[in-house]
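What follows is one structure encoded as structure tokens, with my remarks underneath.
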Amino acid sequence: MDSIVKLASQKAVVIFTKSSCCMCHVITRLFYEQGVSPLVYELDEDHRNGPEMERALVRFGCNPAVPAVFVGGTFAGSANTVMALHINGSLKKMLKDAGALWL
């Protein structure tokens, strides 16, 4: 759990993903299209810590574990929540407050 919190605070937007997850690609693309350059952490590429981090994300409340999005070091949600935030306009404000967007 500590490694999740530590990584999540390294950049304004951090996305925990798996390279085989189509929704991970969708969510990552959403942030790039907003003008945000997130830190994307591919759990399946970290053979040593990835499985443990995936279990920690589930304990954190992510179900499924990926994509898990952190904005400003705070858990913003998984795919459904992030898409809902984007649709209702809340995501852009969160990104500005976290310093990920300047417009």
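The values are calculated or read from the model by the stated rules, or taken from the named source; none is laboratory data. All figures in this text were calculated on a predicted structure; none of them were measured in a lab. Backbone-built Cβ (ideal geometry, glycine too); neighbour counts: all protein chains shown. Each accessible area value is taken on the protein alone, full model and side chains, heavy atoms only, with ligands, DNA and RNA left out. Shrake-Rupley method; radii C 1.70, N 1.55, O 1.52, S 1.80 Å.
Residues whose amide H lies under 5 Å from that of Gly77, counting only those 5 or more places away or on a different chain, are Val69; hydrogens are built 1.01 Å from N in the peptide plane.
Each residue of segment 7-16 was assigned a 3J(HN,Hα) from its phi angle through the Karplus curve 6.51 cos²θ - 1.76 cosθ + 1.60 (θ = phi - 60°); the sequence is 5, 5, 9, 6, 8, 4, 10, 10, 10, 8 Hz, with glycine and proline shown as x. By the rule of a second cysteine Cβ within less than 4.7 angstrom, the chain holds isolated cysteines at Cys22, Cys62. Using only side-chain charges placed at the Cβ, +1 for Lys and Arg and -1 for Asp and Glu, the dipole size of the chain relative to its Cα centre rounds to 300 debye.
A cut-off under 15 angstrom between Cβ atoms defines the neighbours of Ser20, and their net charge, with Lys, Arg +1 and Asp, Glu -1, is -4.
Distance between the 7 Å Cα→Cβ label points at His25 and Trp102: 3.2 nm. Think of a 1.4 Å ball rolled over the protein heavy atoms: segment 2-54 then has 56 Å² of accessible area per residue. Would you please give the residues with an amide H less than 5 Å from that of Glu42, counting only those at least 5 places away or on a separate chain, with H modeled from the backbone geometry? Sorted by chain and number, the residues that satisfy this are Thr17. Annotation: the antiparallel percentage among DSSP beta bridges lying fully within the chain is about 65.
Averaging the Cα positions of each part gives two centres, and for segment 31-103 and segment 5-29 these lie 5 Å apart.
Mean sequence separation of contacting Cα pairs (under 8 Å, at least six apart), scaled by the length of the chain, corresponds to a relative contact order of 32 percent.
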